[in-house]
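In what follows, a structure is listed as structure tokens, so that the remarks can point back to it.
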Amino acid sequence: RLGESVSALPPGVIGAVQDMAVEEGLAAAIRAAATANWQKVTGPDELAFQRRLLRSTSALDDGATSAELGDVRAAVAAIHRRRTDHLSVIYRATAGRLGLQMVEPFTFDDLAVVSNVIVDGFVHRWMFDDDPAAGQRLADVLVTFVTAMLTPSDRAKDKLSPVSLVPRGAANTQEEQVRLIAARQSPGFNSAAHLLHRALTRRASSVMID
């Protein structure tokens, strides 16, 4: 029974989320999808599956034979592959509709794997502490993570940073645009944007630019 994974979100929900991404933006769509998914993975059927999974994997510490361990690992690996493939297809289709692609060198499969790991971690913790705010925090984490990993296709093609630098502090918007045009002529302009992007994705508290 370990291989009886709970079904994925129905196509109608996926389509609605993709439409929301186009109409209201990627962050709103990710939050809606994360909320719908949280309601599903914390439902009774999914929790029963998670408990079966935990019981089966606990065999790793209970002296199971090599053949038994192989069966458990194969079943768990197959479940994760199906979930990764399903989510990767959704991410790729949604990004395509929005003109987005992955920040190099990452792939949509990478995005799906890490997203599933994040969800699993939240679910397993929630199973023991039943935190009522866990679903909201999960949505916050996924919005931050997924939006950081996607960039407009034209920027990726030109190897531009996902971070857009904008001028501030001039007397008026015309002067700000003049400053921006001048700044873009600098060979370090895009490098500075890449540096800021790396700092943001690594949750840096400050950046020093010499």
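Computed from the coordinates by the stated procedures, all read-outs in this text should not be read as laboratory data. These numbers come from a predicted model, not from an experiment. With ideal geometry, Cβ positions are generated from the backbone for all residues, glycine too; neighbour counts draw on all protein chains shown.
Miscellaneous remarks
- 3J(HN,Hα) along region 181-190: 4, 5, 5, 5, 6, 6, x, x, 4, 5 Hz, from the Karplus curve 6.51 cos²θ - 1.76 cosθ + 1.60 with θ = phi - 60°, whole Hz, x for Gly and Pro.
- Cα gyration tensor shape of region 88-180, rounded if a/c is under 1.5, else prolate or oblate by comparing a/b with b/c: oblate
- Other-chain or far-sequence residues with amide H under 5 Å of residue 100's (modelled H): 153
- Each of residue 174 and residue 47 was given a label point 7 Å from its Cα along the Cα-to-Cβ line. The distance between the two points is 6.4 nm.
- Cβ-defined net charge surrounding residue 30, 12 Å radius [Lys, Arg +1; Asp, Glu -1]: -1
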